[in-house]
1. Over all directions, the average projected area of the alpha-carbon convex hull for segment 83-130 comes to how many nm²?
2. At R0 = 41 Å, how high is the FRET efficiency between L29 and N2 if r is their beta carbon distance? Nearest 0.05 is fine.
3. Whose amide H sits under 5 Å from the amide H of K122, counting only residues 5 or more places off or on another chain, with H placed in the peptide plane?
4. Going through the cross-link list K9/K116; K24/K107; K37/K116; K24/K86; K16/K122, which pairs have a Cα-Cα distance over 24 Å in this structure?
5. May I ask you to evaluate 6.51 cos²θ - 1.76 cosθ + 1.60, the Karplus curve with θ = phi - 60°, for each residue of segment 31-38 and list the ³J(HN,Hα) values in order in whole Hz, giving x for glycine and proline?
6. Mind pulling the per residue volume of the convex hull built on the Cα atoms of segment 1-110? Å³ is fine.
7. Quick check: residue separation of I18 and H106 times 0.36 nm, minus the Cα distance between them. What number comes out in nm?
8. Along the charge dipole of segment 1-112, which of H56, V84, N35 sits closest to the positive end, that is, farthest toward it, with unit charges on the beta carbon of Lys, Arg, Asp and Glu (+1, +1, -1, -1)?
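The values are calculated or read from the model by the stated rules, or taken from the named source; none is laboratory data. Note that this is a predicted model, so its numbers are computed, not measured. Every residue, glycine as well, gets a Cβ built from its backbone with ideal geometry; the counts of neighbours run over all protein chains shown. All accessible areas refer to the heavy atoms of the entire protein, side chains included, with ligands and DNA or RNA removed. Shrake-Rupley method; radii C 1.70, N 1.55, O 1.52, S 1.80 Å.
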Amino acid sequence: MNLYCYTYKISIRLEKIIISFFQKLICHLHLKGNNVKYKNFYTTGIPYIMVSLGGHFTIGRNFIMNNGPKGNAIGSNNNCVFFVDKGATLTIGENVGISQTALVCHKNISIGNNVKIGGGVKIYDQIFTLLIPKYEPVTKILNIEKRPQLLSMTMLLLELFRSY
């Protein structure tokens, strides 16, 4: 390798250190500003965090989140999204890692310890009223009233295809 390559590689590492410092600082401000209870975390990029007044969001120790392609180059350019509605509770356990994940909580979402959530996963605790032409609402088709579980949009689509 020539001198130009070494200089380039060193400048990239310095850039990463400086940017990482400011991203973590901004993330701390977002977490504190939304009254999130958390221990320690590592982040690449800055997530979108919105906790309504009366909502509760708790993060356990050793939380890792990757926002955007620099954290996890899976072909997506999304940042993590955390939305907690009024009166809702979002709890993330210890040693959890997520990449470009959306957690939209209207009532209660609880993620246990030592969980890894892959790139681009979206978890909602509410099934949006989606109507299929000439059919009943999706909630009746899937019999969700009798199975109150967390469904990501991917799981919802798989259930739909299996039922036809």
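1. The number I arrive at for segment 83-130 is 3.6 nm².
2. 0.50
3. Answer set, sorted by chain and number: A102, M153, T154.
4. K9/K116; K24/K107; K24/K86; K16/K122
5. Karplus values, whole Hz, x for Gly and Pro: 5, 5, x, 9, 6, 7, 8, 8.
6. 99
7. 28.1 nm
8. Going by the Cα projections, it comes out as N35.
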